[in-house]
Amino acid sequence: MTETERKVMVMLCTKLLQYADFNEDKEVEMLVEWVVTHHSVKENNSKIRNLIGEYGKGENDRRKSVKEALEKGKEICEERNKLYEEQQELKHKQWQAEQHLFNR
């Protein structure tokens, strides 16, 4: 998501929060939830790509100092795995919002 897209989405959500009645209109709540979750998924994807890139950069180091590099690689993989788990939870939350919005 570009910076402009992000700003527009934030402005849209702000307006929805300002004028919508969440107690009576659950669709508005689900739309806001979807936008927020979608943004979180995008951020996680970026973090995962960065971690994978960092892991790839360490290839030469791993060949030189195997034990240290393996420990560093293990830490990166653990962080990546945590992000993957969080990603799955976010995608499930987003899917639930979509089901609520579009399958009535």
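Within region 35-47, the residues that satisfy the criterion of being surrounded by 14 or more Cβ atoms within 10 Å (Cβ to Cβ) and of a type in the set (S, T, N, Q) are THR37, SER40, ASN44.
Listed here are the residues, each with its yes/no results for (1) touching an Asp or Glu at 6+ places or on another chain (Cβ under 6 Å); (2) surrounded by 16 or more Cβ atoms within 10 Å (Cβ to Cβ); (3) touching a residue at least 40 places away in the same chain (Cβ under 8 Å); (4) not small (Gly, Ala, Ser).
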position	(1), (2), (3), (4)
GLU27	no, no, yes, yes
ARG49	no, no, no, yes
LEU90	no, yes, yes, yes
ALA97	yes, yes, yes, no
ASN103	no, no, no, yes
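Scan region 6-45 for residues that are among the acidic types (Asp, Glu) and either in contact with a strand residue (DSSP E or B) (Cβ under 8 Å, 6 or more places away or on another chain) or not in a helix (DSSP H, G or I) (or both) and the total you get is 3. Taking region 78-101 as the range and being at pLDDT below 90 and either touching a strand residue (DSSP E or B) at 6+ places or on another chain (Cβ under 9 Å) or polar (S, T, N, Q) (or both) as the test, the residues that pass are GLN94, GLN96, GLN99. When GLY56 is tested against (1) without any contact (Cβ under 8 Å) to a residue 40 or more places away in the chain; (2) within 16 Å of the chain's Cα centre (by Cα), only condition (2) is not met.
The values are calculated or read from the model by the stated rules, or taken from the named source; none is laboratory data. Keep in mind it's a predicted model, so treat the numbers as computed, not measured. Here Cβ is always computed from backbone atoms with ideal geometry, including for glycine, and neighbour counts include all displayed protein chains.
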